[in-house]
Amino acid sequence: MSKPKVRIGIVGAGANTRARHIPGFRAIDAVEIVSVANRTPESTRRVAREFGIPKTFDRWQDLIADDQIDAVMVGTWPNLHCEVTCAALAAGKHVLTEARMARDLAEARQMVDAAGQHPELVAQIVPSPFGLTCGPFVERLIRDRFLGELRELVVLGADDVFWDYSSPLHWRQDRAISGLNVLALGILHETALRWSPPPVRVFAQATLFEPQRPNLQTSEYSDATVPDSVQILTQLEGGGRGIYHVSGITLFGPGKQIHLYGSRGTIRVEFEPEERVLVGHHGDATLRPVVLPEAETGRWRVEEEFINAIRGEEQVSLTTFAMGERYMQFIEAVARSSASDAAVDLPL
């Protein structure tokens, strides 16, 4: 029996869209990418030529209004996620939007409300890729009480990606584009929420060690407006405690990791250069690396999940708008706490 055709329009064909989403959609039967609108007419035509996309639009609004598409992939920077998503849902299109969900909690809640007005449409956020491979194994360990009671959560995202002040200003360092999102904070917290109880209190400090960067558009220096160093203490539901260290100016830093320390055991997950799980139980001499069982090894299947949800074959598990709103609450709480030098209770 043939699958019903799903026609995709792409708004914003950035690096992740070209590397993951376009190939992912193309690998699915009866899915066709029919149109694209990128940041400029020139870049739109380049993408269309590169991937053989038949129709181009100079304005994303015109793409969304096109009756020839069923679903919209939003691959723009975060500053357009809310506007494009809400417009697409209002036009009767299913939506898959790139992460982070939005610039701030207010925009995230607009998106949740828009999706709630159209329950017949699929609204999905591209999930954090961290933990997709080892997630099924880690989740089974937690279900089997390998940790016992979770006592401490440690989330690390510290490297030197922005250490060199002579590097050009990146869009992630521009609050008007990125919003309250800081480096990999949201994407790591989303993964942590899969394995840990949610935080109920946040106390954060943030600073900007390199406040100016060369701007390639103006050939002058411009202000960076997003912190490059954040430290966070959290109180978890159930009484555990959490520590986050997220930084882009840490030479020889630990990179991206999540540690779970329990009353009976420890799980440490390292995400770079590839996912690696180390475990230790009471009585062990040291942590030991684990070879993931094939049956408990996950994979990237974002586009497949989205299309299956449109066809009624499964429900979205990673990541719904409700899940996105949860991590946006955390991002908002971190920003409020660091600005006020006071603890912030969750949920907001």
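For the stretch 288-319, filtering for residues that are crowded, with 16+ Cβ neighbours inside 10 Å, among the aliphatic types (A, V, I, L, M) and free of Cβ contacts under 8 Å to residues at least 24 places away in the same chain leaves 0.
One residue stands out among those in the stretch 200-223 that are aliphatic (A, V, I, L, M) and touching a helix residue (DSSP H, G or I) at 6+ places or on another chain (Cβ under 6 Å): the one that is farthest from residue 337 (Cα to Cα), which is 206. Here 190, 149 are screened, and the one residue that is touching a residue at least 12 places away in the same chain (Cβ under 8 Å), out of contact with any Lys or Arg (no Cβ under 6 Å at 6 or more places or on another chain), surrounded by fewer than 17 Cβ atoms within 10 Å (Cβ to Cβ) and of a type outside the set (Gly, Ala, Ser) is 149. Remark: pairs (first residue in the stretch 19-34, farther than 15 Å from residue 70 by Cα; second residue surrounded by 12 or more Cβ atoms within 10 Å (Cβ to Cβ) and small (Gly, Ala, Ser); Cβ separation under 9 Å; 6+ apart in sequence or on different chains) = 21/13; 21/75; 22/13.
Of the residues contained in the stretch 92-99, none is found to be part of a strand (DSSP E or B), outside the structural domain of residue 11 (by TED's automatic domain parsing) and in contact with a helix residue (DSSP H, G or I) (Cβ under 9 Å, 6 or more places away or on another chain). For the stretch 305-334, filtering for residues that are more than 17 Å from residue 113 (Cα to Cα), in contact with a strand residue (DSSP E or B) (Cβ under 8 Å, 6 or more places away or on another chain) and of a type in the set (Gly, Ala, Ser) leaves 2.
Residues in the stretch 137-196 that are hydroxyl-bearing (Ser, Thr, Tyr), over 19 Å from residue 231 (Cβ atoms) and touching a Phe, Trp or Tyr at 6+ places or on another chain (Cβ under 8 Å): 178 only.
Residues that are farther than 28 Å from residue 302 by Cα and not aliphatic (A, V, I, L, M) within the stretch 315-348 comprise 336, 337, 338, 340, 341, 345, listed in sequence order.
Every test in (1) surrounded by fewer than 20 Cβ atoms within 10 Å (Cβ to Cβ); (2) within 20 Å of the chain's Cα centre (by Cα) is passed by residue 341 save one, and that test is (2).
The values are calculated or read from the model by the stated rules, or taken from the named source; none is laboratory data. Keep in mind it's a predicted model, so treat the numbers as computed, not measured. Neighbour counts are summed over all protein chains in view; Cβ atoms, including those assigned to glycine, are modelled from backbone coordinates with ideal geometry.
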